[in-house]
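The values are calculated or read from the model by the stated rules, or taken from the named source; none is laboratory data. What you are looking at is a predicted structure, and each value in this text was computed from that prediction instead of being measured. For neighbour counting, all protein chains shown are included, and Cβ atoms are generated from backbone atoms with ideal geometry for every residue, glycine included.
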Amino acid sequence: MRLILFLLSFAVHADLSENIDAHKEKYEEIAQAIWDFAEMGYLEEKSSKLLQDTLKDSDFTVNTGIADIPTAFVAEYNNGGPVIGILAEFDALPGLSQNNTPYRESLGGDAGHACGHHLFGAGSVQAAIAIRYWLERTNTKGTIRLYGTPAEEGGSGKVYIARDGYFDDVDVVLHWHPDDMNRSFYSSSNGNKSARFKFKGVSAHAAGAPQNGRSALDGVEAMNMMVNMMREHMDEEARIHYVITKGGLAPNVVPEEAEVYYYVRHPNVEGVQELFNRVVKTAEGAARGTETEMDFEVMHGNYPLMPNKTLSIVIDEELHQLGGISYNDEENKFAREIYQTLLNPDRPIGDQENIQPLELSQTKGSTDVGDVSWKVPTSGVRIATWVPGTSSHSWQAVAAGGTTIGTKGSTLAAKVLANSALRFYQDPKLIEAAWEEHKINIGDHQYEALLGDRKPPLDYRK
């Protein structure tokens, strides 16, 4: 009788941890290869191909170049039943070349994986392949689909994929992200819309005939001044950032062309659009006041994340069952050294062993997972792939991500995603409950991409 009860319990809670551990070295090598490639958004040719080839070797059907994006793909193993999608990212960030050392050491390139997307891609593929063989081995009705999604960092790759309908037949979407702590991804985020504002003036000798010139840089600076004055009169939760990407070439030439690149963030979709429209007005006013011409190009737009508690509870349970990350002596030595370089770390070394409580949170950043979460019930997990206290988009994140501290986290993420997916296949009522919650959360909102009908900006990182 006890044996029957044990087998029934195992059937209810299957665990792919042993299977994932048995193959972890292969995926550690894949993660390291993508870390070495360090390819930026829409340029991830080698990274995308490596993940595609890995999935093809496990008999996934791969459809590449989706949504007019050469490095985007969908890989599927179809055994009928519910369709569960897993997201995989693999783009790096510019200006963050860094070796896997606990001190600042550029590798001589431009980009680095400061958000851990090399781990994200490898861990998600590892989970999808483990699930695929479990579906076959147990003859469980279910379809696993891996979405290779480029250019999360400012390129909104998933938005184009969602806009083109690639998630329309999916029952549940799972994802994960590197972090300095472990917790279920029960959170919302800021929505985000960005644009490049280009000013055109009239060049002239800045000393000999300044009266004949109209400075495009003046237009940019006037716009920035007005936006900075706006900050007093916008919602506290909102964020605006900019960089001047073109400001002229020589001080003695009145700049004929200048450009500023803006991000606008807000916790809700309407707030993003309203704030963005105010920023556009400052650009129009700046152009009028400086007698220059202005036009702008929307670069990307992301919805805020729509949390789903039904899915997040399951993921939280799986994460607690698996536990956190333990460091060996070498990893502890690395962690202590890099910890000394962190500015005001808010977590002690050792916190990577803990699981944070399941609480609804609001993050200040943005992600194109947001658009997916408005189309289909979506949730995920954040895993400590960095030393506690490390900020994302930092050289310290790149460094830890290139060590076993990072790959241990990626392996844990694969287990959480795989075991959560098994729960949904085995109990379709969880999927039904997730959809009921999703429909209540969405209400009568009709999804329309914040970036409009523009084509993917395939050259935005060139």
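Looking only at segment 369-413, residues that are under 21 Å from T149 (Cβ atoms) and in a strand (DSSP E or B) come to 6 in all. In segment 351-368 there is at least one residue matching the filter, namely being touching a strand residue (DSSP E or B) at 6+ places or on another chain (Cβ under 7 Å), within 25 Å of S156 (Cβ to Cβ), part of a strand (DSSP E or B) and modelled with pLDDT under 95.
The condition (being modelled with pLDDT under 95 and either within 30 Å of L422 (Cβ to Cβ) or polar (S, T, N, Q) (or both)) is satisfied by just one residue among N332, N344, N328: N344. Counting the residues of segment 154-173 that are surrounded by fewer than 24 Cβ atoms within 10 Å (Cβ to Cβ) and either polar (S, T, N, Q) or in a helix (DSSP H, G or I) (or both) gives 1.
State which residue pairs qualify: first residue under 21 Å from A88 (Cβ atoms) and inside segment 379-408, second residue aliphatic (A, V, I, L, M) and modelled with pLDDT under 95 in any location, beta carbons under 7 Å apart, and separation of 6 or more residues or different chains. Every condition considered, no pair remains.
Within segment 306-325, the set of residues being without any contact (Cβ under 8 Å) to a residue 40 or more places away in the chain and not in a helix (DSSP H, G or I) comprises G323 only.
Applying the condition of being touching a Lys or Arg at 6+ places or on another chain (Cβ under 7 Å) and part of a loop (DSSP other than H, G, I, E, B) to segment 34-59 and asking which residue is surrounded by the most Cβ atoms within 10 Å (Cβ to Cβ) yields G41.
Taking strands (runs of 3 or more DSSP E) as the structural unit, those lying wholly within segment 174-275 and holding at least 2 residues that are among the aromatic types (F, W, Y) and at pLDDT 95 or above correspond to 191-200, 257-266. Close contacts from segment 19-33, counting a first residue that is assigned to a loop (DSSP other than H, G, I, E, B) and a second that is of a type in the set (A, V, I, L, M), with Cβ to Cβ under 6 Å and a gap of 6+ residues or different chains, come to none at all. Of the residues making up segment 264-274, just one is of a type in the set (A, V, I, L, M, F, W, C) and surrounded by fewer than 22 Cβ atoms within 10 Å (Cβ to Cβ), namely V269.
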